[in-house]
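The values are calculated or read from the model by the stated rules, or taken from the named source; none is laboratory data. None of these values were measured; they are calculated from a predicted model. With ideal geometry, Cβ positions are generated from the backbone for all residues, glycine too; neighbour counts draw on all protein chains shown.
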Amino acid sequence: MRRFIALILALALCLSFTACKKDGGLKGVKTGKVYYLNFKPEADEAWQKLAKTYTDKTGVEVKVVTAASGEYDRTLAAEMDKDAAPTMFQAGNQGAIATWGDYCYDLKGSKFEGELTTDAYNLYDENGKLCSIGYCYEAFGIIVNKTLLKKAGYEIQDIKDFASLKSIAEDIHKNAKTLGFDAFTSSGLDPSSSWRFSGHLANMPLYYQFRDKEITSQPATITKDYLDNYKNIWDLYINNSATKGASLAKATGDESKAEFINKKAVFYQNGTWEYAGLIDGGFLAEELAMIPIYCGVEGEEDAGLCCGTENCWAVNSTASEKDIEATLEFMYWVVTSEEGTKMMAEQFGPCPFKKAAIPENVFFAQANEYTAAGKYVVTWAFNFTPAVDDWRAGVVDALTKYSAGQGKWEAVEKAFVDGWATLYAKENA
């Protein structure tokens, strides 16, 4: 009789354990939670859907909060100060590692890290701790509507350097009323758009400076070298667009994208991450191309696209052990499951994981074509920016005044050079 009762109890416990496993173990306190502070506003909807899918499948709670554009550092600082802090966050450059390295769980040896196909995009602290893992590879440049370019009388092959880009853009702008479209979309300096110029466009002078001086780690100071080239391309943008002057201060990223989707401009500076939105907006893949950002540097006809990543995941080492385990399991699922890899390919393009899906994004194919043709890759030098939000804010303020005719270019140079030195000193005090 005792044996029979024991068997009944054992069977009941087994059934209880099985049911608990099926719903992710959320019946008690055995299962942790995931809180991801997302870096990219344009991917918010996709992350929310994926989080729900994972919760529906496992029962594990996954919360995704998306920081406003240009506000990630401030949002992260505020959220990390809360009791329920993010368990998964972005640490995409050495400046972030300097700030948040102590909060980064060592990912070395994790099941998630074991899915990587390369270590090229990972970030370590000075002691060799694997602080964050690069989860995608991106490229940016000038996106071209080839159909409109052809209507204006040109082909992609006609653009080989800054001189040819300038000639074509100015011709299109001069004939904008007749053509029904302009050269460039608005170079808005609203926070939703300004990162394209204080971050990505600013990469051009930084890249060439660092290339010349063989800089491979964050420098304490930078120079004015190549800032005349930065001025070249900025002037070309704002003088050959329907939106210019003081209007740029309030022009948004959505407005710029809408101008391109609505066939109001030929050229649109942005990255591979915009591909899915452009296809959803009605473009055919064969209508789109991405060309390098030419700015008048000697030898730039041999340049390819700007390639690299700031997209690196870190896990909060101060979270509970259960939350850390839950977060690592979620990250592993994202890069191995059919649902996760599909979303990653659609939203972020190529990902350095063994089971990554192949993206349909033609911009990546074009980046590879430049490389295959022997063009040099313009790497992401802006990853070294100290106190990135503050530095960019200073550059944007100077650009805004200059573009409205209320300030001189020297103020942009000062924000660029002096701002870097000041913030580096403060960050490394």
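Show the residue pairs meeting these rules: Cβ distance below 6 Å; 6+ apart or different chains; first residue within region 401-419 and under 10 Å from Leu227 (Cβ atoms); second residue basic (Lys, Arg) and surrounded by 16 or more Cβ atoms within 10 Å (Cβ to Cβ).
Partner pairs satisfying both residue conditions: Trp409/Lys231.
I'd like to check something: does region 352-374 contain any residue that is modelled with pLDDT under 95, more than 30 Å from Leu50 (Cα to Cα) and hydrophobic (A, V, I, L, M, F, W, C)?
Yes: region 352-374 contains one or more residues that are modelled with pLDDT under 95, more than 30 Å from Leu50 (Cα to Cα) and hydrophobic (A, V, I, L, M, F, W, C).
Quick test of your reading of the structure: Thr243 fulfils all but one of (1) part of a helix (DSSP H, G or I); (2) over 23 Å from Phe363 (Cα atoms). Name the failing condition by number.
Tallying (1) part of a helix (DSSP H, G or I); (2) over 23 Å from Phe363 (Cα atoms), Thr243 fails exactly one: (1).
Mind telling me which of the residues Gly271, Gly277 ends up being closer than 24 Å to Ala68 by Cα, surrounded by fewer than 16 Cβ atoms within 10 Å (Cβ to Cβ) and assigned by TED's automatic domain parsing to the domain that holds Glu170? Lay out the reasoning, then the answer.
Values: Gly271 fails: surrounded by fewer than 16 Cβ atoms within 10 Å (Cβ to Cβ).
Just a single option satisfies the conditions, and that option is Gly277.
Six or more apart or on different chains, Cβ atoms under 8 Å: show the pairs whose first residue is in region 253-264 and assigned by TED's automatic domain parsing to the domain that holds Ser186 and within 16 Å of Ser192 (Cβ to Cβ) and whose second is acidic (Asp, Glu) and assigned to a helix (DSSP H, G or I).
If the second residue must be acidic (Asp, Glu) and assigned to a helix (DSSP H, G or I), the pairs left are Lys257/Glu274.
Rundown of residues vs (1) at pLDDT below 90; (2) of a type outside the set (Ser, Thr, Tyr); (3) over 28 Å from Ala393 (Cα atoms); (4) in a helix (DSSP H, G or I), yes/no style:
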site: Ala19; (1), (2), (3), (4): yes, yes, yes, yes
site: Leu26; (1), (2), (3), (4): yes, yes, yes, no
site: Val60; (1), (2), (3), (4): no, yes, yes, no
site: Ala68; (1), (2), (3), (4): no, yes, no, no
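Could you pull out the residue among Thr221, Thr185 that is surrounded by fewer than 19 Cβ atoms within 10 Å (Cβ to Cβ) and within 24 Å of Glu310 (Cβ to Cβ)?
Details: Thr185 fails: surrounded by fewer than 19 Cβ atoms within 10 Å (Cβ to Cβ).
Sole residue among the options that is surrounded by fewer than 19 Cβ atoms within 10 Å (Cβ to Cβ) and within 24 Å of Glu310 (Cβ to Cβ): Thr221.
Do you know which of the residues in region 33-58 that are in a helix (DSSP H, G or I), aliphatic (A, V, I, L, M) and touching a residue at least 60 places away in the same chain (Cβ under 8 Å) is surrounded by the most Cβ atoms within 10 Å (Cβ to Cβ)?
Once the filter is applied, the top-ranked residue is Leu50.
When you scan region 197-218, how many residues do you find that are out of contact with any Asp or Glu (no Cβ under 8 Å at 6 or more places or on another chain), surrounded by fewer than 14 Cβ atoms within 10 Å (Cβ to Cβ) and part of a helix (DSSP H, G or I)? First the steps, then the outcome.
Restricting attention to region 197-218, the residues satisfying the condition of being out of contact with any Asp or Glu (no Cβ under 8 Å at 6 or more places or on another chain) are 197-204, 206-207, 210-211, 213-218.
Among the residues that remain, those that are also surrounded by fewer than 14 Cβ atoms within 10 Å (Cβ to Cβ) are: 213-214, 216-217.
Narrowing the set further to residues that are part of a helix (DSSP H, G or I) leaves 213.
Qualifying residue count for the region: 1.
Take the residues in region 175-222 that are closer than 19 Å to Lys244 by Cβ and aromatic (Phe, Trp, Tyr); name whichever of them is nearest to the chain's Cα centre (by Cα).
That would be Phe197.
Part of a loop (DSSP other than H, G, I, E, B) and not acidic (Asp, Glu): which single residue out of Lys257, Lys224 fits that description?
Just one listed residue meets the conditions, Lys224.
Which number in (1) in contact (Cβ under 8 Å) with a residue 40 or more places away in the chain; (2) touching a Phe, Trp or Tyr at 6+ places or on another chain (Cβ under 9 Å); (3) not basic (Lys, Arg) marks the one condition that Gly281 misses?
Going through (1) in contact (Cβ under 8 Å) with a residue 40 or more places away in the chain; (2) touching a Phe, Trp or Tyr at 6+ places or on another chain (Cβ under 9 Å); (3) not basic (Lys, Arg) one by one, Gly281 breaks only (1).
In this structure, does Gly308 turn out to be of a type in the set (Gly, Ala, Ser) and either in contact with a helix residue (DSSP H, G or I) (Cβ under 6 Å, 6 or more places away or on another chain) or over 30 Å from Tyr103 (Cα atoms) (or both)?
Working: of a type in the set (Gly, Ala, Ser): yes; either in contact with a helix residue (DSSP H, G or I) (Cβ under 6 Å, 6 or more places away or on another chain) or over 30 Å from Tyr103 (Cα atoms) (or both): no.
Answer is no for this residue.
Restricting attention to region 153-178, which residues are in a loop (DSSP other than H, G, I, E, B) and small (Gly, Ala, Ser)? Break it down into steps so the answer makes sense when it comes.
So in region 153-178, the residues in a loop (DSSP other than H, G, I, E, B) come out as 153-155, 159-161, 175.
Matches in region 153-178: Gly153 only.
Name the one entry in Ala84, Ala139 that is in a loop (DSSP other than H, G, I, E, B) and not polar (S, T, N, Q). Show your work before the answer.
Working: Ala139 fails: in a loop (DSSP other than H, G, I, E, B).
Only one candidate passes the filter, namely Ala84.
Could you go through region 101-119 and let me know if any residue there is surrounded by fewer than 22 Cβ atoms within 10 Å (Cβ to Cβ) and within 16 Å of the chain's Cα centre (by Cα).
no
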